[in-house]
Amino acid sequence: MTKQLQLKFLLAKNPLILAPLAGFTDLPFRLLCRRYGAALCYTEMISSHGLVYDKKKTLQMTRTVVEERPVALQLFGADPEIMGEAAAIVSAMDIDLIDINMGCPVKKVVKKGAGAALMKNPKLAGAIISRVRHKTSLPVTVKIRTGWSHDSILAPEFAMMAEDLGADGIAVHGRTWSQGFGGKIDWQTIARVKDCVSIPVIGNGNITSYQEAFAFLEKVGCDGVMIGRSALGNPWVFDPAGTPATLAGRMEGLAQHLQLIRMYSDPDKILARTKNHAGRYFKSITGGSSIRRQIYAASSFQALMELTQSW
Ligand SMILES: Cc1cc2nc3c(=O)[nH]c(=O)nc-3n(C[C@H](O)[C@H](O)[C@H](O)COP(=O)(O)O)c2cc1C
C-alpha cells in the first residue's frame, strides 16, 4: 500500500507533491497534476504584502476549487507581522496548508530579505514562523534549501528551529542558495534533517519519474517528495504508467490541460503562459519540434485548441 503523508490534520493520500513553481503552478495545472496522481499541490509563491494590501492580482492567485483539495498555499515575505496577517487571511479561504518560502534564490525576492535570504537570518526566520503559527490553525510547512553555500549547511538546525516554533512539516530542496537550480542534490543533508526532527520531511530536487520518487523516499527515508520542473509538460511524473511514448499520448495530456485552462482562467489573457506550458509536452520526442513550432506560432488560445483537436 502506498504510504500516506500526514501534515497535522491534513492527510495526503500518497507522498507525491507538486512543488511551488512561480509562473506555472496555477489552478489549471494543479488540477491536472491532481488528476494524474499528485496528492497535494502547492501554489506559486504568493506575496504576503499583496494579500494584506488586497492586491487584485495577488488575490486571483489564491483561487481554488473543491476538486483540487487539499491544496497548499505558499507565502513569501520578510515582515513577521505582514506574514502573520497574510496567514490569517489565508486561513479564512478554502486552503488546507500554508507554506513559508525560505528557499527562493531569485534576486528581487532575496534583496528584500525574503526567500532564501531568511536562511542567513535565523532570528527573522524564526519570528516569521512564530507569527504565522500564531495566526493560523492550518498545517504549516517551511520550504528551505540545504543552506547558503556548501560551507554553510544549515538545514538541520533550521528544521529543528521550525519544529520548535510549531511547524508541521519541512520541505528541503537539496541544494544551497549558491547552487541555484543546478548541480547535485545533497540527499545526505535531507536525510540528516529527517534524523533531527520528528515532523514530516519532504525531500525535493531533480526527481524525474514516479519510480525515482519512490526510490528517493526509500533511500533518504523522508516522508514525502516534491516534484517541480519534471512535472512541467509532464503530469505523468505522478503516474506509475509514466510519460506516453507517442505524440498522440502527449497531445491527450495537453488537451486536458487546455480544457482546464479554458474552464478556470481567461485563456487569451494568459496565452504566453499557456504556450510555455504547451511546448513542454513535446520535449524529447521524435516529431516534437514541429509541434512546438506550431504551438509558438499560434495566435490565439482557440488556435491551440484546434491543434490538439486535429490529432
Ligand atoms: C520556474 C521555477 C519557479 C519556482 N518557483 C518557486 C516558488 O514560487 N516557490 C518555491 O519555494 N520554489 C520555487 N521554485 C523551486 C522549486 O519549487 C523546486 O524547489 C526546485 O525547482 C527543485 O525541484 P525540481 O528539481 O523538482 O524542479 C521554482 C523553481 C523554478 C524552476
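Summary of computed values
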{"quantity": "Point-to-point label distance, Met160-Asp268, nm (Cα→Cβ direction, 7 Å offset)", "calculated": "5.9"}
{"quantity": "Max mean-square fluctuation residue, GNM over the chain, Cα-Cα springs under 10 Å, options Asp96, Asp54, Asp168", "calculated": "Asp54"}
{"quantity": "Residues whose placed amide H lies under 5 Å from that of Val142, excluding near-sequence neighbours", "calculated": "Ile100, Gly169, Ile170, Ala171"}
{"quantity": "Pair Cys196, Ala303: separation of 7 Å Cα→Cβ label points (nm)", "calculated": "5.2"}
{"quantity": "Residue-by-residue Karplus 3J(HN,Hα) for the stretch 287-292, coefficients 6.51, -1.76, 1.60, Hz, glycine and proline x", "calculated": "x, x, 5, 5, 5, 4"}
{"quantity": "Ranking of Asp79, Asp186, Asp99 by count of other Cβ atoms within 10 Å, fewest first", "calculated": "Asp79, Asp186, Asp99"}
{"quantity": "Value of Rg to Rh for the stretch 58-213 (Rh from inverse mean 1/r over Cα pairs, i.e. Kirkwood)", "calculated": "0.96"}
{"quantity": "Cα-based convex hull, the chain, per residue volume (Å³, whole number)", "calculated": "127"}
{"quantity": "Separation of the Thr208 and Gln188 label points, Cα + 7 Å toward Cβ, nm", "calculated": "2.4"}
{"quantity": "Share of pairwise Cα separations in the stretch 131-234, more than 18 Å, in percent", "calculated": "47"}
{"quantity": "Under Karplus coefficients 6.51, -1.76 and 1.60, residue-wise ³J(HN,Hα) of the stretch 296-306 in Hz, glycine/proline x", "calculated": "5, 7, 4, 9, 7, 4, 4, 4, 5, 4, 5"}
{"quantity": "Karplus-derived HN-Hα couplings along the stretch 71-77 (A = 6.51, B = -1.76, C = 1.60, θ = phi - 60°), whole Hz, x at Gly and Pro", "calculated": "9, 10, 10, 9, 9, 10, x"}
{"quantity": "The stretch 1-123: translational diffusion in µm²/s, Stokes-Einstein, Kirkwood Rh over Cα pairs, 4 °C, 1.567 mPa s", "calculated": "87"}
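Readers should treat all values here as calculations from the given coordinates under stated rules, not as data from a laboratory. None of these values were measured; they are calculated from a predicted model. Neighbour counts are summed over all protein chains in view; Cβ atoms, including those assigned to glycine, are modelled from backbone coordinates with ideal geometry.
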